């Protein structure tokens with residue numbers, strides 16, 4: 001189970017840098033992590049994230065909270081069943097789109 005959380009957390013680290021928002025349903029093109037010019041992983045195709053699945057809200061909050069810092073609190077704002085890492089492989093269990101908010 002730990003490996004699943006590690007894979008889920010990796011894509012979350014970049015989510016706060018994006019300004020786009022998830023859509024009302026999952027898009028056909030899975031979101032993918034890419035590294036920007038500042039060497040920060042960010043999501044490509046953020047609009048492909050859809051809503052968090054019913055019943056997964058608590059898990060989504062837990063995963064996103066693992067990114068919290070002393071200055072920001074991360075909250076889940078989207079989910080995609082086939083979110084991909086930079087290598088193009090889908091993350092087992094999908095990926096959450098977490099957004100950082102000032103505390």
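Some values worked out for this structure:
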| item | result |
| --- | --- |
| Sites residue 61 and residue 37, calculated FRET efficiency, Cβ-Cβ separation with R0 22 Å, nearest 0.05 | 0.10 |
| Residue order, fewest to most surrounding Cβ atoms within 10 angstrom, among 25, 66 | 25, 66 |
| Computed lengthening from residue 101 to residue 71, 0.36 nm per intervening residue step minus Cα-Cα distance | 10.0 nm |
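Each value in this text was obtained by applying a stated rule to the coordinates, not by laboratory testing. As the structure is a prediction and not an experimental result, all values here were calculated from the model. Reconstructed Cβ throughout: ideal geometry from the backbone, glycine too, with neighbour counts over all protein chains shown.
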